[in-house]
Each structure stands twice: as structure tokens, then as C-alpha cells.
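Notes for the one structure printed next.
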Amino acid sequence: MAYNFYPNPRDDPMNADIPNVNKPATIIGVTVTMLTLGIMAMTLRLWVRIRDRLWGCDDAFVLFAGLSSVVGDSMVCLMPKDGLGLHFWTLDYVHLNSYFKHIYSTNVVYCASSTFIKLAILFQYLRLFSESASSTTSTQYRIARLMPLSHRRQHNVGTHFLPPFHLFMRPDREELEHLRARQVYRLGQ
């Protein structure tokens, strides 16, 4: 049983009563609001740090996290036109392809953003503790400083570089038709 796709998936009757949280206005509104609050907080922090001449590596990583958040949230704002918030089985192959491209690229940018913010927190702690340490050249201090950085680096390999490989594991048209037929059968149509 083949499913008849609509040129615009939002015109499909199955997508008529989607919840408010799945509507494009809600998705874009919440994303832009949270991005604005985050950028304001980042700007205030960086302004104070530059004004008081306390700039450090942690501030650079906060700036990188903010920039990657802007990129990621911009991609999220583009996704409702490709099917974000709609029933998955009502999307045709063209919308699915663009939806998956946005999902994977958003995941990569999210991993970069979370990595930068974790590094900012780590470098902030390193800077605070190095000011109170009796000696920053001791072996114990160097091990304590390098262990979290090496752990963060190993974690990045799994979270930042592996998501693009999902691009090669998308289902083809026949598999999607089979999945949709099963889903429509379950819905009683």
C-alpha cells in the first residue's frame, strides 16, 4: 500500500492537529528567545572580562561556544520547512533528505558547542586553582591539569567526528515505503 504524498507535508491531513510545541512559530520563537538570552549573557561576561583585563583561554572558549550556538540555532530555525514538527511518515523523499542533512549538521554543531563550553569551564577551574596552587610546575599539578584535557579530547572523537557517518546509513526509498506502509496500517487507514 503506497502512501500518497502531498507536495507540502504540512497540507497532509495527518499533520492537521499537531501540538503547539511542534508548530514552526513555536520552534522558531523558543529557539530565537533562548539564543538571545545566551548571547546576552555571553556578551556581558566577555565585556566585563575585557573591561577589567581578565581575558583568558576560558573566555575564548566561551566565545567559540557562543558562535557555534548561533550557527546551530540558525540551522534549527531552517528545519521546520523541511519537516521538523511533522509526522515522519508524511515526509516525501526530498523533505526527508533535507531533514536528515539538517539533523546531522545540527548534531555536529551541538557537539562542537558543548565541547567548547566544557573546555571553558575546565580552563576556568584550571586558572582559578593555578592562582592558589603552591607550585604549578609540580608533577601532580601537571597530571591533574592534563587528565581532564585528554579525557575531553578522547570524548570529542566519539561525539564530534562520528555523527557525519550517519549520512551513509539513511534508509533508501524502498525501506521508507515499507516503514510508512506499516505505520499507516497501524493508524487504520
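The values are calculated or read from the model by the stated rules, or taken from the named source; none is laboratory data. Keep in mind that this is a model prediction, so the values were computed, not measured. Every residue, glycine as well, gets a Cβ built from its backbone with ideal geometry; the counts of neighbours run over all protein chains shown.
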>> Quick check on my filter: what residues within the range 35-66 are more than 14 Å from residue 121 (Cα to Cα) and small (Gly, Ala, Ser)?
In response: 38, 41
>> When you check residue 53 against the structure, is it out of contact with any Leu (no Cβ under 7 Å at 6 or more places or on another chain), of a type in the set (Lys, Arg) and in a loop (DSSP other than H, G, I, E, B), yes or no?
In response: yes
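Evaluate the following for residue 31: is it of a type in the set (S, T, N, Q) and surrounded by 20 or more Cβ atoms within 10 Å (Cβ to Cβ)?
Considered against the rule, which asks whether it is of a type in the set (S, T, N, Q) and surrounded by 20 or more Cβ atoms within 10 Å (Cβ to Cβ), residue 31 comes out as no.
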> Quick one: in the range 12-25, which of the residues that are closer than 15 Å to residue 83 by Cβ and in a helix (DSSP H, G or I) is modelled with the highest pLDDT?
Replying inline: 24
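Check 104, 110, 93, 99 and return the single one that is aromatic (Phe, Trp, Tyr) and closer than 25 Å to residue 36 by Cβ.
Details: 104 fails: closer than 25 Å to residue 36 by Cβ; 93 fails: closer than 25 Å to residue 36 by Cβ; 99 fails: closer than 25 Å to residue 36 by Cβ.
None of the other options fit; the residue is 110.
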>> If I filter the range 69-95 down to residues being on the phi < 0 side of the Ramachandran plot and not in a helix (DSSP H, G or I), which single residue comes out as surrounded by the most Cβ atoms within 10 Å (Cβ to Cβ)?
In response: 91
>> What pairs come out if I take residues in the range 71-100 that are free of Cβ contacts under 8 Å to residues at least 24 places away in the same chain and pair them with residues that are outside any helix (DSSP H, G or I) and crowded, with 16+ Cβ neighbours inside 10 Å whose C-beta lies under 6 Å away, six or more apart or interchain?
In response: 99/83
> So which of 11, 82 is over 30 Å from residue 121 (Cβ atoms), touching a Phe, Trp or Tyr at 6+ places or on another chain (Cβ under 6 Å) and among the charged types (D, E, K, R)?
Replying inline: 82
>> Going residue by residue through the range 61-68, is there one that turns out to be under 12 Å from the mean Cα position of the chain (by Cα), of a type in the set (Gly, Ala, Ser) and either outside any helix (DSSP H, G or I) or surrounded by fewer than 17 Cβ atoms within 10 Å (Cβ to Cβ) (or both)?
In response: no
